[in-house]
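To keep things clear, I will list the structure first and then write my remarks on it.
The values are calculated or read from the model by the stated rules, or taken from the named source; none is laboratory data. Just so you know, these numbers come straight off a predicted model, no measurement behind them. Reconstructed Cβ throughout: ideal geometry from the backbone, glycine too, with neighbour counts over all protein chains shown. For accessibility, only protein heavy atoms count, side chains too; no ligands or nucleic acids. Shrake-Rupley method; radii C 1.70, N 1.55, O 1.52, S 1.80 Å.
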There are 2 protein chains.
Amino acid sequence: METTCQCNTANNDTVTKGKAVLMTEHVAGDLANLFKVFGDPTRVKILHLLSVTELCVCDIANVLDMTQSAISHQLRVLKQAKLVRNRKDGKTVYYALDDDHVHTILRQGLDHISHVL
Amino acid sequence: METTCQCNTANNDTVTKGKAVLMTEHVAGDLANLFKVFGDPTRVKILHLLSVTELCVCDIANVLDMTQSAISHQLRVLKQAKLVRNRKDGKTVYYALDDDHVHTILRQGLDHISHVL
DNA sequence: TGAATATATGAGCAACTGTTCATATGTTAT
DNA sequence: ATAACATATGAACAGTTGCTCATATATTCA
């Protein structure tokens, strides 16, 4: 770690003010972990699908043309992040979105990538 | 890959409709890559800091108590994702947010993790 | 009960990520 | 020109991630 930089005279103040604004390690970690869940194409596809309708594991696997195991693993991640919930109906388990923020986050992400073209 | 599931009689239709809604590989990939950038505590802290004021590399390093090299690498990632821009003033390079969506995305993420407690 | 179906889970592996360390580039001042 | 400073970059390494494969659990039906 280097000492305080000298790139301008107000630096000590800038750093002090910055540290006051800086996120907690805890909050930054939680936030990063949330976005990490959105950071995979398979999970993004699943979330987008579920934003239209609830689906069972098997259907999701068929729509995405992936194995049931892979989808099940990903749904577990989504559920741990409280982004989806599930209900059981006999042998079948239906998954649905469990958070209003999912729509907004996906939307803002889409806005960004289309605006950046 | 297994064959079409038989969990209910409307399945073929469900899968067909799902495939119509399904995101392109391209879009899902771009979107995931964007969120991946938010999926690291260091980058989240930097983005949050820059949402308050522009800062030079050295100051960010001091505020986060990390090496200049580590911060520089991360700023490169943020810039490639078009989330930050920079201006050069002598030896110093100042970074600032370069996208309105950053605020919204961070806010929605914070709303989610606080709502989930 | 036993077979079939739907989902969940654990181990293992290849691919990716974030940091460190060393060094290069570019700017300012003497 | 030379030294000092601010930033950028490449290689390398440990830690993480997403999938596959095999198998376990749970439910329904004959």
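Which residues, counting only those in the stretch A:87-116, are open to solvent by less than 50 Å² (accessible area, probe 1.4 Å) and aliphatic (A, V, I, L, M)?
Filtering the stretch A:87-116 for residues open to solvent by less than 50 Å² (accessible area, probe 1.4 Å) gives A:92-97, A:99, A:101-102, A:104-106, A:108-109, A:112-113.
Within the stretch A:87-116, A:V93, A:A96, A:L97, A:V102, A:I105, A:L106, A:I113 qualify.
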Based on this model, can you work out whether A:N12 counts as facing another protein chain (nearest Cβ under 7 Å) and farther than 17 Å from B:H112 by Cα? no
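State which residue is farthest from DNA strand D (Cβ to nearest atom) when the search covers only the stretch A:58-70 and only residues that are hydrophobic (A, V, I, L, M, F, W, C) and farther than 14 Å from A:H48 by Cβ.
Filtering the stretch A:58-70 for residues hydrophobic (A, V, I, L, M, F, W, C) gives A:58, A:60-61, A:63-64, A:66, A:70.
With farther than 14 Å from A:H48 by Cβ added as a condition, the list becomes A:58, A:61, A:66, A:70.
Numbers: A:C58: 12, A:A61: 9, A:M66: 6, A:A70: 4 Å.
Per the stated criteria, the residue is A:C58.
Can you find even one residue in the stretch B:109-117 that is in contact with a helix residue (DSSP H, G or I) (Cβ under 7 Å, 6 or more places away or on another chain) and more than 7 Å from every other protein chain (Cβ to nearest Cβ)?
From the stretch B:109-117, those in contact with a helix residue (DSSP H, G or I) (Cβ under 7 Å, 6 or more places away or on another chain) are B:109-113; that's our starting set.
Now drop any that are not more than 7 Å from every other protein chain (Cβ to nearest Cβ), which leaves none.
No, because not a single residue in the stretch B:109-117 is in contact with a helix residue (DSSP H, G or I) (Cβ under 7 Å, 6 or more places away or on another chain) and more than 7 Å from every other protein chain (Cβ to nearest Cβ).
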Restricting to the stretch B:53-73, give me the number of residues that are farther than 12 Å from A:K19 by Cβ and of a type in the set (V, I, T). 4
I need a count of the residues in the stretch B:87-108 that are within 7 Å of chain A (Cβ to nearest Cβ) and touching a residue at least 12 places away in the same chain (Cβ under 8 Å). 3
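Residues that are at pLDDT below 95: which helices (runs of 4 or more DSSP H) entirely in the stretch B:7-117 hold 2 or more of them?
Numbers: elements: B:11-21, B:25-38, B:41-50, B:57-64, B:68-80, B:100-116.
Because the criterion is at least 2 residues that are at pLDDT below 95, the helices (runs of 4 or more DSSP H) in the stretch B:7-117 that meet it are B:11-21, B:100-116.
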Going residue by residue through the stretch B:78-86, is there one that turns out to be open to solvent by 60 Å² or more (accessible area, probe 1.4 Å), under 26 Å from A:I113 (Cα atoms) and either more than 10 Å from DNA strand D (Cβ to nearest atom) or at the interface with chain A (Cβ under 7 Å from one of its Cβ atoms) (or both)? yes
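Can you tell me which residue within the stretch B:8-52, out of those that are of a type outside the set (A, V, I, L, M) and touching a residue at least 12 places away in the same chain (Cβ under 8 Å), is farthest from DNA strand C (Cβ to nearest atom)? Break it down stepwise before answering.
The first filter runs over the stretch B:8-52 and keeps only residues of a type outside the set (A, V, I, L, M), leaving B:8-9, B:11-14, B:16-19, B:24-26, B:29-30, B:33, B:35-36, B:38-43, B:45, B:48, B:51.
Subsequent filtering for residues that are touching a residue at least 12 places away in the same chain (Cβ under 8 Å) retains B:33, B:38, B:40, B:42-43, B:45, B:48, B:51.
Details: B:N33: 7, B:F38: 10, B:D40: 3, B:T42: 4, B:R43: 7, B:K45: 9, B:H48: 14, B:S51: 19 Å.
Per the criteria, the residue is B:S51.
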Subset of the stretch B:88-107 (residues that are out of contact with any helix residue (DSSP H, G or I) (no Cβ under 7 Å at 6 or more places or on another chain) and away from DNA strand C (no atom under 12 Å from the Cβ)): B:Y94, B:D98, B:D100, B:H103, B:R107
Go through (1) more than 8 Å from DNA strand C (Cβ to nearest atom); (2) at the interface with chain B (Cβ under 9 Å from one of its Cβ atoms); (3) of a type outside the set (V, I, T) and name the single condition A:C58 misses. (1)
